[in-house]
Structures are given as C-alpha cells and as structure tokens.
Amino acid sequence: MIRTAFLMTLLTMLLVFVGRLIGGQSGMLIALGLGLALNFVNFWFSSSIVLKVHGAKILEPGELQWLQDDVRELATKAGMPMPKVAYIAKPAPNAFATGRNPQNAVVAVTQGLLDICDRREVRAVMAHELGHVRHRDMLTMTLVSGAVSAIGVLAMIARFSAFFGGRDDEDSSPIGMLVVALLAPLMAAMVQMAISRAREYEADRGGAELSGDPEALASALERLHAGIPQRPPLSSTGATAHMMIANPFFGMSLGQLFSTHPDPAERIRRLRAMA
C-alpha cells in the first residue's frame, strides 16, 4: 500500500506539473479539474462499460450455480457482500473484477478459464478477484486511469501549444514544452503499470490467504499463461488489460506494450513459497 500511495502521489504531481507547463497556476487548476471530471465518469460508468465491451452476462440463480456457491462462500469468509457473478462466452481464458465498491462489485470469468481450470483452481481465481474487491483496487485503478487520461489530454494540448510558440512569458520554452508533452504520457503509463503490478501481487497474496489454497492459484496461473497465447485475445486493445488476472496479451507481439502484470514465474514462485 505504501508503494501504491507513493506512485499515485507521483502521478498526481506529474499531472499538476504538465498543467502548470501549459497554463501556469491556471493550468494547474485546469489539470486538477480535468482529472476530477474523468475520475467522476470512470467511477460511475466504467463498470457497466467494461461488462458491455466484453459481452459479460450477469448470472441468474441456478446458472453455473457451483461457481456462485463458491463465490458466496469466499465472500462470506472475507466478511464482504456477495458480488454479482458474470459469465463471458469467449474462449480467451481470463477473469476480472469491476465495480466502484464492494457493494457494487462484479466478478467475471470467461468460458476459456472454465475450460482449462478445475473447480479448485477457479475457486482460487475467484478468491484473487475478491482480493481486488476487498482492497478496493478498482477505485485505485479508476483514480489512476483518470489521471493518466488527463495527462494524455494535457500533453496533446501542450504539443499544439509548443508548435505555436508556447505560453507568452519568460518561463515558457516551446522545446521544453514539447519534450515534456512527449515524455509525460509515457511516464504516466509506466507509473500506471507499476501500480497495476503491485496490486496484482497483493491480490495474489490476499486470494491465497482467503482460499487457503495458494497452490491452486499458482496452478491456475500456469494454465492461464499456457492457454492465453493459444486463443484469440479477450480484447483487441489494452484498455482493460490491467483488470485481468493474467495479461491478455501474454506471449503475443503486443504483450510487452501492456506489461500491466508482474512476471508470471515470479507470481507463481511467491504463491508456492506461501504453500
């Protein structure tokens, strides 16, 4: 948590710095306002958008009842409300959690994951996702995503401003503005990925403790990383990659561009050390 807080502070400072570069003190206020506006949209609407993008269907009572029973048992053990459980009829093996808080959480699994994992492994995966819910990682990543999006917008404005000479004051340098405008989105993305990787480690640990079966989660991760390159990716973009239990582009040419997840071998090693 300390590392996550540090990285989020760094991201906020970068957002304010880019805003100041564009418009001085007024630009700083605009940057903060833009970040808050994007966070508001993400907070209230990102969950429904993600579910629709992936074609997720909320399970009714009796549908995949064994899965709902396992999620309910784990949620009760964790002292959390029972989240909704969603099913995605796609062959890509993966799972994710979404929702602005534990009371509105949804955990989703794909048919691909159900095909390659047994019930014990699926249960461990659900415990991992409930770890994200319990730690409110969806809120953390919503705030991060809003800041990164705002930095991207401000960097685009800065590039246009640099081409037209920058701000009309002594402190403004068109070349410096252009350099920052090019580097700021990259730096923001790197911070976002670092936060995502830290939260995955925490969810692994929390999920292993909740399920009481770290070996099952390690085995599931092995199966997922072996199966993902053999099937079409769950998404054509990396916009939701950070939400998945495993990098949906693992083993593919785009995988390194969306390194939102830790090295799977290290994740598995840590889990087996717990076991």
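Overview of values
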| item | result |
| --- | --- |
| Estimated FRET transfer efficiency when R0 is 35 angstrom, pair GLN65-ARG269 (beta carbons, to 0.05) | 0.50 |
| Partners for LYS77 among lysines (Cα-Cα distance below 26 Å; same-chain residues under 8 apart left out) | LYS57 |
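Taken together, the values in this text are just the output of simple stated rules run on the coordinates, not laboratory data. Since the model is a prediction, treat every value here as computed from it, not as a measurement. A quick note on method: Cβ atoms are made from the backbone with ideal geometry, for glycine too, and the neighbour counts reach across all protein chains shown.
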